[in-house]
1. Can you tell me how many residues in segment 135-144 are of a type in the set (Ser, Thr, Tyr) and in contact (Cβ under 8 Å) with a residue 60 or more places away in the chain?
2. Determine which single condition Val6 fails, assuming it passes every other condition in (1) within 27 Å of Ser398 (Cβ to Cβ); (2) surrounded by fewer than 19 Cβ atoms within 10 Å (Cβ to Cβ).
3. Mind checking whether some residue in segment 170-186 is within 22 Å of Ser402 (Cβ to Cβ), part of a loop (DSSP other than H, G, I, E, B), touching an Asp or Glu at 6+ places or on another chain (Cβ under 8 Å) and assigned by TED's automatic domain parsing to the domain that holds Met113?
4. Of the residues Asp300, Asp288, Asp234, Asp194, which single one is part of a loop (DSSP other than H, G, I, E, B), over 22 Å from the mean Cα position of the chain (by Cα) and under 30 Å from Asp130 (Cα atoms)?
5. Going by the conditions given, is Met329 within 22 Å of Ala18 (Cβ to Cβ), in the same structural domain as Ala183 (by TED's automatic domain parsing) and in contact with a Phe, Trp or Tyr (Cβ under 9 Å, 6 or more places away or on another chain)?
6. If you take the residues of segment 165-188 that are β-branched (Val, Ile, Thr) and at pLDDT 95 or above, which of them is nearest to the chain's Cα centre (by Cα)?
7. Hydrophobic (A, V, I, L, M, F, W, C), touching a Lys or Arg at 6+ places or on another chain (Cβ under 8 Å) and outside the structural domain of Asp14 (by TED's automatic domain parsing) - does that describe any residue in segment 349-369?
8. Tell me which of these Ile295 doesn't satisfy, since it passes every other one: (1) within 19 Å of Gln223 (Cβ to Cβ); (2) exposed (fewer than 14 other Cβ atoms within 10 Å of the Cβ).
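The values are calculated or read from the model by the stated rules, or taken from the named source; none is laboratory data. In this text the structure is predicted, and so the values were computed from the model without any measurement. Heads up, the Cβs are rebuilt from the backbone with ideal geometry, glycines too, and the neighbour counts pull from every protein chain shown.
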Amino acid sequence: MLTHRVPYPPDRGDRIRAWNILQHLAKTHRVSLGCLTDEPVTPETQEKLRSVCYQFEIVPVGPRTRWVRAGMSAARGRSLTEGLFWSPKLKRVINKWARTEEFDALWIYCSSMLKYASSSRLTHIRRFVDLVDVDSEKFFQYAQSASPWKRAIYRTEARRVRRLEHHAARTSAAVTLVSEAEADVLRQTIDSQDYPIHGIPNGVDVDYFAPLTEQAQPDLYAQRQKRSSVPLTDPRFVFVGVLNYQPNVEGITWFADNVWEKVIQQYPEATLSIVGKHPGAAIKQLGDRPGIKVIGQVPDVRPAIYDADIVVVPLQIARGVQNKVLEAMAMGMPVIATPAAATGIGATSGEDLLVASTPEQWQQSIQAVCADPQHRRRIANAARKCVCTKHTWQAALSGMQSLITQDPNSP
């Protein structure tokens, strides 16, 4: 299994999916994991990987080296992301393993890792590629709102990544994406509908991301019960995400610019907590606005979510399924999200969550949730039920297992 980041701890979307796939594969296979890192790896992380992997290799890549390789990759007509996640050392490790091990399958996580499979020692091995999202489409979306020089970069990257995605579809035993909707996006870009493209949804640990109980935190539980039974005049909102990731930055900035001022006008004591690691200058500046608190990185996001009344996910650009939405719904929280952030979940707007696009729709949804405690509780309960029914990891990955065990000679 090859991943572009160390899959543990599962504290961001790509790691959450990769970690759960790794655990699932390790139940029936001896897994050799090769991955890269641009940050220190703790002993706890290594111990966790040791508990599920037959062997693993974590190769550090410094930021300067990464961007030099990205530039070289672009100069050769390849994508920037291939260069960002390229390491000759990891390639040597993979070749060594290929000489000494008899692999049944090669699981590649993301198109940026496809280059490692080009070795002649690996071409005879059944290859499975989890693209997760159609990243080429994301770069095309970035280009639409970018400055002229950035627009050219994004469009070039989009075309080159799309070439990778098509190569994966044409040469792999199966290509998986995070939803059938995302799989359809890829199918529509390619010249044949006969390629093995499948939607394998994200899941959520519904035991870990569960509603607050009285036994766990009696004081906070009592406070939440009280607040859930009355109209809210001082609503507490929370946004959770990696805060140097462009869609998260643009999404919460859009919310602050277009929605928050009217929220404060109607609810002067309202608060918005922004939670996540790596907040940059643009995010930190939002903390200067009335009612907005930039919390930054926390060891566990659940207390920040429990302390809120409403989870907002105002992403303007989103691919696939948003883990932040699934996790909040699993915790029995009312969620208001954009159509992009709600895609692929299979939730019904107005019942399992609220979907808002324009500032006016956001304002209407916020007013509806704050004014009616029964409506708020109904959505919270339905959200939890929706996720437990459709998005446990066991259910999500059952389709993946059937792909791996399928007879390669079967039609």
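1. Matching residues across segment 135-144 total 1.
2. (2)
3. yes
4. Asp194 is the lone residue from the list that is part of a loop (DSSP other than H, G, I, E, B), over 22 Å from the mean Cα position of the chain (by Cα) and under 30 Å from Asp130 (Cα atoms).
5. It is false that Met329 is within 22 Å of Ala18 (Cβ to Cβ), in the same structural domain as Ala183 (by TED's automatic domain parsing) and in contact with a Phe, Trp or Tyr (Cβ under 9 Å, 6 or more places away or on another chain).
6. Thr176
7. yes
8. It fails just one condition, (2).
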